[in-house]
Every structure is written in structure tokens, then in C-alpha cells.
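Every read-out reported here was derived from the displayed coordinates using simple, explicitly stated rules and does not represent laboratory data. Being a predicted model, the structure only gives us computed values, none of them experimental. Cβ sites come from the backbone with ideal geometry, for glycine too, and all protein chains shown count toward neighbours.
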Amino acid sequence: MSTPSSSAEPSGAIPPAGPVAARIAPAPAAAPAAPNHRVKIIAGLIVLVALGAGARMWYRSHYFVETENAYVAGHVHPVSSRIAGVVTKVYIDDNQIVKEGDVIAELDPFDQRVKTEQIAAQIASAEQQVLQADAQIAQVKAQASAAQAQVAQADAQLLRSKQDADRYGQLYTSQMKAVSKAELDAANAARSGAVADLAARRDSVVAAKAQIGAAQAARDVARAQVDVLRVQLKDAEQQLQYNKILAPVAGRIGKRNVETGMRVQPGQQLTAIVQDNVWVTANFKETQLADLRPGQSVHVSVDAMPGKTLVGTVDSFAPASGAQFALLPADNATGNFTKIVQRVPVKIVFQPQDIKAMNGRLVPGMSVIAEVEINQPDNQPARHAAAPANAPAANTAR
């Protein structure tokens, strides 16, 4: 009896059990072709992604320069006291906006006011000394005039004494004794006394003139003392004005270290004022500077503001690398020299309206990422070329 083939079995028949079913079960093994196509597709996508990433890296390495060693910088002005004193009033608060000339704090003015009054009293005393010296000069001049008159009187008395002595000498000779010897001696003595008196009067005039010079010198000293005291008074009044500590610039208050009742010393920092005009200091490697130019656009990403990119401009380059400004610069003249790529600070500025639009959120010290497109057209010649073209329009407007 022949065994019917499996192909002859009807489609609805139940498959036979036993060894025959085991032989015909592995028939569906031809299906694994589909996973091979999937692997090829995935591998192709990975290759495409790698090629795209490599192309992007090549493109960015040739057309962009970036650094993460960049920070926001700005003008931070320390505010300190110029004199010693006790703080009586504080007019500022943390992060407050102030204008130039606003009063930040006040010191107790008692010490400076007392010093001012003391110097004013010294000036008044010195001015009285000047007046006293003027009166003394006038008195000495009067004494000198009187002494001069006495000199004239003594000169006349001497002339008379000489005439009397000569007359008595003619009357008392060996041939004629018209007068006595005593009268002749008296006339000669009177003449000698007149000579001595004239000399004394002249010495009095010299002494009076010396007293005038001394009195004038004393007056000059008193006047110089007045001038010195007036300068000291001016300084004391200026010191009195220093009791009001003013804001040197406009900006926002930071690092507030002043409280009422605190005693401060000259130069002690009380607070700091940060101005709004900030910029970025990007420390590029020296190997990245070849294609950097002032005026190039810079895309700045701030770590504190994810997803927000600012557009700045390369302003200038530092005159030396950062290592040259270090407290202890490296000494490369040694035997164990190792070449290290240096970094040069580059200043990147923003437009004032862009900074204003940040509402004070861009502050010094923030970390940023600076990216420069190095193959962009140079804008500097265009700026210089645009200036003459605008000049006639400006003249016309005038």
C-alpha cells in the first residue's frame, strides 16, 4: 500500500503527529531576510550621522573660532570714606540703582566742625596780631621821626657849640685874655658834648629804623600765619563736606558693607557700584588669533541664560598674554622649558540697546561661550568708506 504524499493532503487536514510533523515543522526558517535589511539601514544612518558630524566639525574648525574661557566684565567702582568717622545715616540698599552724586551715607560731622571753628578762631587771633604789628610799626616810625628831629636839633646845638668854642678860642690867646680859661674850657666841653649827643641821636634813628624792620617782619610773619590758617580752614571745610559719601558714578549697588553706627577709616571700602556697560573678556588661544580682526561679529552664549544668544563685536586685543599680567610670571629661561599654548584676552563689546534689553541680568563675572565666524567680510573698511558719503548729507542738513 503506497503512502500518500504530504502535498496531496487537503488544506483543511490536520497535520500528522509524530516523526513526520517534526520533519515538516522547520519550513518557515526562510524568513530572517528582513532583519538583514534593518541592520543595513541602521548602519547606513550611523554612517550618515558620522559623516554629517565630521563635516560639521571640519566646517566649524575652518570657519569658526570659539572658546569657553570667557567671562562678562564691567566697571566695578569701590566706594570708600575719605575721612574717619562714625556712620550716622545710610541711604542705600542692596542692588539699588543710584545716580552720580547721590548720597550713600553720612558721617558724624562734630569732629570736623569743631576743627573748623578752632582754625577760624586761630585766624581771628592771627589777624589781631597783624593789626598789632601795624600799630607797632606806626609807633616805631613815629619814634624814628622824633629821633630824626632830635638829630637835627643836636646838629644845630653842635654848630652853636663849635662857634662858641671857636669864639672863646680867639678871645683867649697868649696875647689877649678877654675871657677866662674856665670859660674856654667850658665852651670846648660843650662842643664835645654836642658831638656826643649828635652821635647818640643818630644811633637812636638807626635803632628806630631797625625796630621798624623788625615790626614789619613780625607783621609779615603774622600775615603768612593767617594765609596758612586760611588754607587749613579751607581743608577743614572740605573735610567737613566729606562727611557725605557720594556715589562717584551711576550704577547699581553691590557688596554693601556699611551700617549705621559703624566707625570707618579713610580708604575703607563701604560698597561698590557696578555700571551697566558690560563687555566680554574672551581668552583665546594664541593659535586662534591668526584670523581674528576687530569689527568681526561674535555670538555669545551666556550660561545663565540657556537658549539665548547675544551678538557682539570684537573690539580690541590685550597688549600681552594673560601670563604676563600674573603675580608671578613664568620664567622660561630655564633648562626644563615646556611649551604651553598661551591665551590672549580679547575684548568683545555689545550695542548699548542690547545691554539695556537685558534689564541688568548680564552682570560681571558670568561665564559665557564666545564664537567668532573668522571668514566673514571685514566691516572696518565699510565703516570708514561710509563716513565721507554721509558727510555731504550732514552739511546739507545744516
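Where does the range 110-241 land on Rg(C-alpha)/(2.2 N^0.38 Å)?
Dividing the Cα radius of gyration by 2.2 N^0.38 Å gives 2.03.
Which pairs break 25 Å Cα to Cα here: Lys141/Lys234; Lys308/Lys356; Lys99/Lys244; Lys244/Lys356; Lys99/Lys234?
Going by Cα-Cα distance, Lys141/Lys234; Lys244/Lys356; Lys99/Lys234 fall outside the 25 Å limit.
Among Gln239, Ala189, Gln225, which residue has its Cα furthest toward the positive end of the charge dipole of the range 110-241, with +1 on Lys/Arg Cβ and -1 on Asp/Glu Cβ?
Farthest towards the positive end: Ala189.
Please name whichever of Ala147, Ala208, Thr116 sits farthest to the positive end of the charge dipole of the range 110-241, dipole taken about the Cα centre and charges placed at Cβ: Lys and Arg +1, Asp and Glu -1.
So the residue furthest toward the plus end is Ala147.
Between Gln238 and Leu131, 0.36 nm times their residue separation minus their Cα-Cα distance comes to what?
That pair, Gln238 and Leu131, stretches by 35.7 nm at full extension.
Can you give me the pair-distance distribution of the range 193-309, C-alpha pairs, 10 Å bins, whole percents?
In order of increasing distance, the bins hold 8, 15, 14, 13, 12, 10, 8, 7, 6, 4, 2, 0 percent.
Ranking request for peptides 107-113, 305-311: highest mean number of other beta-carbon atoms within 10 Å first, then the rest in descending order.
Final packing ranking: 107-113, 305-311.
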